[in-house]
Amino acid sequence: MCQSFLRLLLPLFAAFIFACSLCSPASAEAPNASVADLRVDLPYQAERSDPITHEIDFSVVVTPPYHSKVLKVWLPLPQTDDGQEINASQLSTFPEEVEPQINVERVFGNKFAYFEFHEPRGAQIIRHRFTAKVWNQHWQVDPADVAPREQWPGPFQPYLQPQSAANVSEFDRLLAEVVPSRRQSADDLFSVMNWIDSNLTYDHSAASLSASAEHALQSRRGHCSDYHGLCATLGRKLGYPARVTYGLSLYPKSSPSHCKMEAFLPPYGWVSFDLSETQKMVQRIDADETLSSVERDRLGVAARERLHRGFRENSWLLVTNGTNYELAPKASRPVSVVRTIYAEADGEPLPDPDPADVQQRKFAWMTVHKYKSDKPFQLPFKDIATLK
């Protein structure tokens with residue numbers, strides 16, 4: 001009788017436990033579930049929208065010095081991630097036919113096609129044709145959700161190392177001035193961005209071309225890599241892993257290379273920011289006399305809010321990330337950044353050109369680039385309609 005009674009109670013007890021599990025608050029695990037894994041290779045956590053497929057025909061024409069024995073060229077290869085898909089990659093050279101080695105450097109995981117021309121006669125052309133499907137990415141960062149950590153897993157260390165500088169104390173003094181009391185939120189990083197916006201002037205003729213935080217701090221001038229090199233350095237001092245990311249603007253312009261800055265902000269993971277393009281856009285808005293003062297103010301606020309929320313556009317392709325690393329295979333010295341290629345003739349680096357610099361007249365190499373997209377697209381840092 002006792003066993004029969006137990007058999008009757010067991011189903012009722014199981015039903016009671018099941019009902020309690022439904023009634024118990026599901027939010028008990030919510031805080032941990034919303035926090036991004038502290039993985040340096042964490043996929044981008046952004047909301048994706050409006051994908052565009054670009055057909056890309058990218059060439060570089062390299063002219064080694066007369067009677068060079070060996071010309072070496074490292075061409076970075078874009079890789080698939082959660083913001084872009086790379087397909088149908090084809091590499092070729094002219095007039096000499098050289099098969100490239102494909103290598104991945106060990107620190108940041110950048111991928112390179114390496115070409116070696118022996119006894120080159122005149123200019124050599126390296127051509128890369130491929131397709132790239134690219135999304136707009138929106139992180140929607142809420143600064144109150146973000147706080148720096150005292151300890152980061154080992155793989156983050158390359159993104160926490162400060163740039164070498166002659167006077168490190170200058171960066172410490174600046175940070176104490178910009179963030180006199182830490183709020184322990186992303187607002188500290190945004191204060192750094194606001195200081196850079198107010199104190200740096202965009203100037204191709206005074207650019208370091210190497211993401212030099214020291215150059216940016218001393219000269220208060222430069223281009224995208226100087227803006228983002230300084231922001232990454234100060235971001236690391238605030239306790240956030242940060243990196244300069246270089247890529248290609250997928251529309252006609254003199255210099256296709258452009259960089260951004262990414263910071264790892266839990267729970268959002270790696271977040272992309274573009275300080276220099278936001279500054280230039282706000283300046284164009286302020287100078288637009290067709291807009292009322294109210295419209296100019298509103299659009300300027302909208303541009304800066306988009307910056308702080310984190311945004312990466314579908315007309316820009318990520319190619320490399322990180323600064324100051326050894327190429328694969330090794331070059332004669334480490335590189336600060338690779339904008340479009342890195343080249344050496346007989347062990348000496350060929351000077352990095354900046355075609356957007358109106359003062360520059362001599363080039364050891366130049367890019368030739370053509371893009372075709374599957375549909376028209378807006379340029380978010382040029383078209384104010386994207387802010388409305």
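Rule-based calculations on the coordinates, nothing more; no lab input. These numbers were taken from a predicted model, which means no experiment stands behind them. Ideal geometry is used to build each Cβ from the backbone, glycine not excepted, and the neighbour counts take in all protein chains shown.
Helix 168-178: angle to the longest alpha-carbon principal axis of the chain, degrees 0 to 90, nearest 10?
With both axes taken from Cα atoms, the answer is about 50 degrees.
Using θ = phi - 60° and the Karplus curve 6.51 cos²θ - 1.76 cosθ + 1.60, what whole-Hz ³J(HN,Hα) does each residue of the range 243-250 get, with Gly and Pro shown as x?
Using θ = phi - 60°, the values come out as 8, 8, 10, 10, x, 10, 7, 8 Hz.
Given a 10 angstrom Cα cut-off, can you work out which residue in R333, R361, R39 is the most mobile in a GNM of the chain?
Looking only at R333, R361, R39, the largest GNM fluctuation is found for R361.
With label points built 7 Å along Cα→Cβ from the Cα atoms of D57 and S219, find their separation and express it in nm.
According to this spin-label approximation, the distance is 3.5 nm.
Over the chain, with a Gaussian network built from C-alpha contacts below 10 Å, which listed residue (M261, M281, M193) shows the highest mean-square fluctuation?
M281
Sorted from largest down, what three extents in whole angstroms do the Cα atoms of the chain have along their principal axes?
So the three principal-axis extents are 103, 54, 46 Å.
Using Cα centres only, tell me the gap between the range 262-311 and the range 338-378 in whole Å.
27 Å
Which whole-Hz ³J(HN,Hα) couplings does the range 179-187 yield from phi under the Karplus relation 6.51 cos²θ - 1.76 cosθ + 1.60, θ = phi - 60°, glycine and proline marked x?
10, x, 9, 5, 8, 6, 8, 5, 4
Set the bar at 27 Å for Cα to Cα. Now go through K237/K388; K260/K330; K253/K362; K72/K372; K260/K370 and name every pair that lies beyond it.
Flagged as over cut-off: K237/K388; K72/K372.
Compute for the range 89-241: radius of gyration divided by Kirkwood radius, i.e. Rg/Rh, restricted to C-alpha atoms, rounded to two decimals.
1.08
Run the simple label-point estimate for K330 and Y251 please: 7 Å along Cα→C-beta, distance reported in nm.
Result for the modelled spin labels: 4.3 nm.
Among W74, W195, W135, whose mean-square fluctuation peaks in a Gaussian network model of the chain (Cα, cutoff 10 Å)?
Sorting by GNM fluctuation, first place goes to W195.
So how far apart, in nm, are the two label points at Q79 and Q140 if each is 7 Å from Cα heading toward Cβ?
Each label point lies 7 Å from its Cα, and together they span 2.9 nm.
Of all trypsin sites (Lys or Arg not before Pro) in the range 264-335, which ones are in loop regions per DSSP and have a Cβ with at most 16 other Cβ atoms within 10 Å?
K330
Any chance you could give the angle, 0 to 90 degrees and rounded to 10, that helix 293-309 forms with the longest Cα principal axis of the chain?
The angle comes out at about 80 degrees.
For the range 180-323, just the Cα set please: Rg and Dmax, both in angstrom.
In Å, with Rg to one decimal and Dmax whole: 15.0, 44.
Using the Karplus curve 6.51 cos²θ - 1.76 cosθ + 1.60 with θ = phi - 60°, work out ³J(HN,Hα) for each residue of the range 90-101 in order, rounded to whole Hz, and write x for Gly and Pro.
Couplings: 9, 10, 8, 9, 7, x, 7, 9, 10, 7, x, 8 Hz.
So for H118, H138, H308, fewest C-beta neighbours within 10 Å to most, what's the order?
So the ranking, lowest neighbour count to highest, is H118, H138, H308.
Just to be sure I follow the definition: excluding the sites themselves, where is the longest run in the chain that has none of the GluC sites (Glu not before Pro) in a DSSP loop with at most 14 other Cβ atoms within 10 Å?
Result, exposed sites excluded: 151-288.
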